[in-house]
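Engineer: Structure provided below as structure tokens; questions to follow.
The values are calculated or read from the model by the stated rules, or taken from the named source; none is laboratory data. Computed from a prediction, not measured in an experiment: that's the story for all the values here. Every residue, glycine as well, gets a Cβ built from its backbone with ideal geometry; the counts of neighbours run over all protein chains shown.
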Amino acid sequence: MTTLAPVALVTGANRGLGLATARRLAELGHTVLLCARRPEDAERAAESLVGLPGAVLPRRLDVDDLDGIRALARSVETEPGRLDVLVNNAAINYDTAERACDVDLDEVRRTLETNLFGAWAMVQAFLPLLRRSPAARVVNVSSESGSLASMSGGTPAYGISKAALNALTRKLADELRGERILVNAVCPGWLATDMGGPGGGPVEQGAAGVVRAATLPDSGPTGGFFRDGRPLPW
């Protein structure tokens, strides 16, 4: 009997952590839907991953575009016809120079639209496909800056958006527990990416934690918040 390769979708996957995550999943034999806002960016990134055990398929996706999310879900329904892993990686606006006292609230709303509502819309749109998987996993790429236990001032839009994403993770995990869909949040740590800037760790290190949550066994945790496989305080 032929075993079908797991299918994973990674948002914001044309560079940095998303690309490293897509690469690692393809190395493990997953068919990866590599998503980016611009189709040419998705295609260029997919071309860089040619020759790995798993196929890498470029897809255009802007998580701020609800119609586009739904269109992609319909497309995946047709080909490849299944989804086993959803990695909500797309995020914007690491606003370290801002303060909650006087930040432009329009900027906060824009950040929430991508970092929270984009991930939320992705889960809602792809849940019918995930429900058909024998081992569905949802990974929300979060940040320790969203931990209420250690939260301080500054970085208001980003930190609050990630705290909200953590709350969404808990809600989804509890609601989907009975359907054996594992939902977890992962902090990749400070990485040397366009958002993280110089001085951070290698993206491969952050991707390892994301992939660990994406490939959990059925007995694995759900509703958790992890970095490097270890629990973080909410």
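Engineer: Would you confirm whether any residue within the stretch 59-66 is under 18 Å from L34 (Cβ atoms) and outside any loop (DSSP other than H, G, I, E, B)? Quick ask: steps written out before the conclusion?
Structural biologist: Taking the stretch 59-66 first, the residues under 18 Å from L34 (Cβ atoms) are 59-63, 65.
Now restrict to residues that are outside any loop (DSSP other than H, G, I, E, B): 59-60.
Yes: the stretch 59-66 contains one or more residues that are under 18 Å from L34 (Cβ atoms) and outside any loop (DSSP other than H, G, I, E, B).
Engineer: Further question on the same structure: If a residue has to be farther than 9 Å from G54 by Cβ and either in contact with a His (Cβ under 6 Å, 6 or more places away or on another chain) or part of a helix (DSSP H, G or I) (or both) to count, how many in the stretch 13-32 make the cut?
Structural biologist: Just the residues of the stretch 13-32 that are farther than 9 Å from G54 by Cβ, to begin with: 13-24.
Checking the rest, the ones that are also either in contact with a His (Cβ under 6 Å, 6 or more places away or on another chain) or part of a helix (DSSP H, G or I) (or both) come to 16-24.
Total meeting the criteria: 9.
Engineer: Return a yes/no flag: does the stretch 210-222 have any residue that is assigned to a helix (DSSP H, G or I) and either exposed (fewer than 15 other Cβ atoms within 10 Å of the Cβ) or among the β-branched types (V, I, T) (or both). I'd like the intermediate steps shown before the answer.
Structural biologist: Initial filter on the stretch 210-222 (assigned to a helix (DSSP H, G or I)): 210-214.
Next cut, either exposed (fewer than 15 other Cβ atoms within 10 Å of the Cβ) or among the β-branched types (V, I, T) (or both) only: 210-211.
Yes, because at least one residue in the stretch 210-222 is assigned to a helix (DSSP H, G or I) and either exposed (fewer than 15 other Cβ atoms within 10 Å of the Cβ) or among the β-branched types (V, I, T) (or both).
Engineer: Is there any pair linking a residue in the stretch 167-188 that is over 19 Å from N89 (Cβ atoms) to one that is of a type in the set (A, V, I, L, M, F, W, C), with Cβ under 7 Å and at least six apart or on different chains, and which?
Structural biologist: Listed pairs, sorted by first residue: L176/V183.
Engineer: Now a separate question. What about K171, is it modelled with pLDDT of 95 or more and touching a helix residue (DSSP H, G or I) at 6+ places or on another chain (Cβ under 6 Å)?
Structural biologist: no
Engineer: While we're looking at this one, here's another question. As an exercise: evaluate D106 against (1) more than 17 Å from H30 (Cα to Cα); (2) part of a loop (DSSP other than H, G, I, E, B) and give the number of the one condition it does not meet.
Structural biologist: If we test D106 against (1) more than 17 Å from H30 (Cα to Cα); (2) part of a loop (DSSP other than H, G, I, E, B), just (2) comes out false.
Engineer: Out of the stretch 67-98, which residues are closer than 12 Å to L9 by Cβ and not in a strand (DSSP E or B)?
Structural biologist: I69, L72, A73, S75, V76, P80, R82, L83, D84, N89, A90
Engineer: To continue, here is another question. Cβ-Cβ below 9 Å, separation at least six or inter-chain, first residue in the stretch 19-36 and farther than 16 Å from R59 by Cβ, second at pLDDT below 95 and in a strand (DSSP E or B): which pairs?
Structural biologist: So the pair list comes out as A20/L191.
Engineer: Can you tell me which residue in the stretch 66-94 is nearest to A136 (Cα to Cα), limited to those that are among the charged types (D, E, K, R) and either touching a helix residue (DSSP H, G or I) at 6+ places or on another chain (Cβ under 7 Å) or surrounded by 23 or more Cβ atoms within 10 Å (Cβ to Cβ) (or both)? Show your work before the answer.
Structural biologist: At the first step, the residues of the stretch 66-94 found to be among the charged types (D, E, K, R) are 67, 70, 74, 77, 79, 82, 84.
In the following step, the residues that additionally are either touching a helix residue (DSSP H, G or I) at 6+ places or on another chain (Cβ under 7 Å) or surrounded by 23 or more Cβ atoms within 10 Å (Cβ to Cβ) (or both) were identified as 70, 77, 82.
Values: R70: 19, E77: 15, R82: 10 Å.
Restricting to residues being among the charged types (D, E, K, R) and either touching a helix residue (DSSP H, G or I) at 6+ places or on another chain (Cβ under 7 Å) or surrounded by 23 or more Cβ atoms within 10 Å (Cβ to Cβ) (or both), the top hit is R82.
Engineer: Do any residues in the stretch 144-159 that are within 16 Å of D95 (Cβ to Cβ) have Cβ atoms under 7 Å from those of residues that are surrounded by fewer than 15 Cβ atoms within 10 Å (Cβ to Cβ) and aliphatic (A, V, I, L, M), where the two are at least six apart or on different chains, and which pairs are they?
Structural biologist: The qualifying pairs are G153/A100; P156/A100.
Engineer: Given the criteria closer than 19 Å to E179 by Cβ and in contact with a Lys or Arg (Cβ under 6 Å, 6 or more places away or on another chain), does V123 qualify? Give the derivation first.
Structural biologist: Details: closer than 19 Å to E179 by Cβ: yes; in contact with a Lys or Arg (Cβ under 6 Å, 6 or more places away or on another chain): no.
Answer is no for this residue.
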